Amino acid sequence: MKNMQTSGSIVVIAEHFEGEIRPITYELVHFAETLQQFSPAPIKILVLDERAETLAKSLARTTGKDVLGLRAPQLAQYNGQVYTSILHEILRDHPPLYVCIGHSSRGSDYAPGLAMRLKAACITGVSALSVQEDMICFSRDVYGGKINADMVSNTETTVLTVQPGSYGPAPDRDLPKGNVCLKSMTVSPQTSTTLSTTPFQTSDLDFSAARVIVSAGRGIGEEENLELIRDLASVIPQSVVCGSRPVIDLGWLTYDRQIGVTGATVTPDLYLACGISGAAQHVSGMKGSGFIVAINTDPMAAIFNLSDICIVEDLKTFIPVLLEALSNKR
Amino acid sequence: MKILVCVKQVPESEAVVSIDKDAGWVDVHDTSVFRMNHFDECAVEAAVQIKEAFPGTTIHIISVGPERSEVVIRRAIGMGADHGTHMVTPGDGFVDPSTLAGWIASLSEASDADLILCGAMSEDLMQGQVGPLMAEYLSLPCATAVVQMTIMPVGEGVHVEREIEGGYREAVALQLPALLTIQTGINQPRYPSLSKLLRANKLKLNTLYVDAMEDSAPLQGVRRVTLPRKLREGVFLEGSASQKAEQLLTILSDRSFLTVL
Ligand SMILES: Cc1cc2nc3c(=O)[nH]c(=O)nc-3n(C[C@H](O)[C@H](O)[C@H](O)COP(=O)(O)OP(=O)(O)OC[C@H]3O[C@@H](n4cnc5c(N)ncnc54)[C@H](O)[C@@H]3O)c2cc1C
């Protein structure tokens, strides 16, 4: 048990779903290894689950890190209060330097509260690391990704949530497998109970056949302007119309067409972003696209930072001009 | 039932922002349009719907921000809230989220509330922290990214669905008092009614003055702000709209996404 002490270490909280380790966990390990270069400290992985043994062993094998499996009957499903109280109990007497958590729906749910209990700063949505004048800085997007803020922590322990997709999985190496330790936890009754986790909507849309995605954002302004997007898609072979979250929230397109962290992740050969600002939650669903063209009235829009071609125009006037020019050529 | 809703004024996404080197923070150009954070609008709407279903419900609005943010409180009252508190900050600088959460949690409207609603995040700072931190200050159960909620019969609290990745939802039962952060899509926020807006504009808000500079021990700080890194080449097409259209057609046909003659 002694080597499982978390004092002075970099702790990674594994994320898993229906018995599978989520990719963000390996990204967190990669992030922790990067952090380790600036702040040498051992990396420990914590995995919370009803049984934890299978997950812990699998993590120790694939990452080569020491893994502490924390088990409790209440962990059959994710619950924020249960996570917070178990992690607090484990970490409070052995304060780690860093606690690395996914900036996912679950990670963002418990990280701030856990940080407060640990009297730690919580820096969320971290996408990069740097050192400036001996201080480790954690970069995060502000103002829809138009500006990058380098944050510093003033506390002994720092809780970080890492933006999915910012760090690939840690490189493959032939590592001896890490040690595994299991610990049963008792959790006192909580004021919140998770009842179920169920698929809400499944998608029949097959994006793999779509070479091109023409995507509409809030910048289309009115539902009727979706016609422009459809017209544009109709002249591009093998294309599908999709959108950012606001367009789906407004009911203008169905949920299966939402691109982003809470929608689909797509990698078409061409992604045409029309009136989309480029917030991280959207970008994580489309940044792997082969070629990206963005049309936006705002020259500072974050989407331009990951576009191959940037067009500063009002889509309402530009798309008709584009269609006209195309029909003249055909 | 007493509901507290936290709202924030943010610049619209098209706002011109630049780096203020002296302040070490972001400068939002004066000509920018400011509005209520979309996530908070959904939180206000959710509260108003509860009030419509449960007569006797009162809704209090709190906003922390510079003088100009008062309008979002009045807008929320125009949508159907009852009262509002404005914690006035000297400017728009970065405030440690735990300091901010502590300010709001210290209000009697927070400790007396049966339900506290916040947006899932603010569109400018994008931290998603003030809600869950307040819940911790007040020892309340908390659920984030709520896309559906039902107030249960007295004594049975509130049932919510949280949105998680991959099209899944997590159903959670919380005892009241509770804190929820609201995800967009839960509802379509209404426009304020004219008569309610008129009342809102006459209403005297509670005004308090707070200053982050007096926070001697912030847990985190901003070291510097920079323009984001370019991840791709990002060629800006030049010329008139039709010149840009011509260039784009050439690029797309060169890459065989389209066929032109
Ligand atoms: C937990 C969580 C999960 C989320 N999941 C997702 C997700 O899966 N997918 C997703 O997309 N978002 C998601 N979001 C929301 C995300 O943070 C952004 O709010 C959203 O992506 C913004 O959508 P947008 O770019 O269409 O709108 P805005 O940010 O409002 O941008 C509109 C853009 O249109 C431009 N514009 C305006 N008028 C015109 C015009 N006439 N011509 C051309 N351009 C114009 C503007 O300059 C602006 O850049 C999530 C948020 C949270 C908190």
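The values are calculated or read from the model by the stated rules, or taken from the named source; none is laboratory data. The structure displayed is predicted, hence computed values, not measured ones. Cβ sites come from the backbone with ideal geometry, for glycine too, and all protein chains shown count toward neighbours. In case anyone asks, the SASA skips ligands and DNA or RNA and just uses the protein heavy atoms, side chains included. Shrake-Rupley method; radii C 1.70, N 1.55, O 1.52, S 1.80 Å.
Here is how the numbers come out for the structure above:
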{"read-out": "Accessible-area order (highest first, 1.4 angstrom probe) of the listed residues B:16, B:222, A:126", "value": "B:16, B:222, A:126"}
{"read-out": "Heavy atoms of residue B:40: accessible area, 1.4 Å probe, square angstrom to 10", "value": "10 Å²"}
{"read-out": "Relative contact order [Cα under 8 Å, 6+ residues apart], region B:2-212, whole percent", "value": "25 percent"}
{"read-out": "Residue of B:224, B:35, B:74 that the Gaussian network model of chain B assigns the largest fluctuation, springs spanning Cα pairs under 10 Å", "value": "B:224"}
{"read-out": "Angle between chain A longest axis and helix A:80-91 axis [Cα atoms, degrees, rounded to 10]", "value": "40 degrees"}
{"read-out": "Rounded to the nearest 20 debye, dipole of the protein assembly as shown from Cβ charges on Lys, Arg, Asp, Glu", "value": "700 debye"}
{"read-out": "For q = 0.16 Å⁻¹, Debye-computed log10 I/I(0) when each Cα of region A:10-184 counts as one equal scatterer", "value": "-0.92"}
{"read-out": "Kirkwood Rh in Å, taken over all unlike Cα pairs in the protein assembly as shown", "value": "24.9 Å"}
{"read-out": "Order of exposure, largest accessible area first, which applies to B:106, A:244 with probe 1.4 Å", "value": "B:106, A:244"}
{"read-out": "Chain B, Cα convex hull volume normalised per residue, Å³", "value": "194 Å³"}
{"read-out": "Long-range HN-HN contacts of residue B:224 with modeled amide H, under 5 Å", "value": "A:150"}
{"read-out": "Cα centre as origin, Lys/Arg/Asp/Glu Cβ charges: chain B dipole, Debye", "value": "440 debye"}
{"read-out": "Nearest 10 degrees, 0 to 90: helix A:23-38 Cα axis against chain A principal axis", "value": "70 degrees"}
{"read-out": "Nearest-0.05 FRET efficiency for residue B:27 and residue B:230, computed from C-beta distance (R0 22 Å)", "value": "0.55"}
{"read-out": "Solvent accessible area, Å² - residue A:297, 1.4 Å probe, full protein context", "value": "80 Å²"}
{"read-out": "Interchain or long-range residues, amide H under 5 Å from residue A:264's placed H", "value": "A:258, A:259"}
{"read-out": "Rg/Rh for region A:207-329, where both radii come from Cα atoms and Rh is the Kirkwood radius", "value": "0.92"}
{"read-out": "Under-5 Å amide H pairs with residue A:170, H placed in peptide plane, nonlocal only", "value": "A:30"}
{"read-out": "Accessible-area value, residue A:146, 1.4 Å probe, nucleic acids and ligands omitted, Å²", "value": "10 Å²"}
{"read-out": "In Hz, Karplus ³J(HN,Hα) per residue of region A:294-308 (6.51, -1.76, 1.60; θ = phi - 60°; x = Gly, Pro)", "value": "10, 10, 7, 6, 9, x, 8, 3, 4, 4, 5, 5, 10, 9, 7"}
{"read-out": "Overall form of region B:1-78 per C-alpha gyration tensor (a/c, 1.5; a/b vs b/c)", "value": "prolate"}
{"read-out": "Farthest positive-ward along chain A dipole, Cα basis, beta-carbon charges - from A:13, A:167, A:94", "value": "A:94"}
{"read-out": "Listed residues A:228, A:46, A:205, most fluctuating in chain A (Gaussian network, C-alpha, under 10 Å)", "value": "A:205"}
{"read-out": "Chain A: relative contact order in percent, alpha carbon pairs under 8 Å with at least 6 residues between", "value": "15 percent"}
{"read-out": "Part-to-part distance (alpha-carbon centres) for region B:184-261 and region B:13-36, which is given in Å", "value": "11 Å"}
{"read-out": "Euclidean distance between Cα centres, region A:61-126 to region A:163-193, Å", "value": "9 Å"}
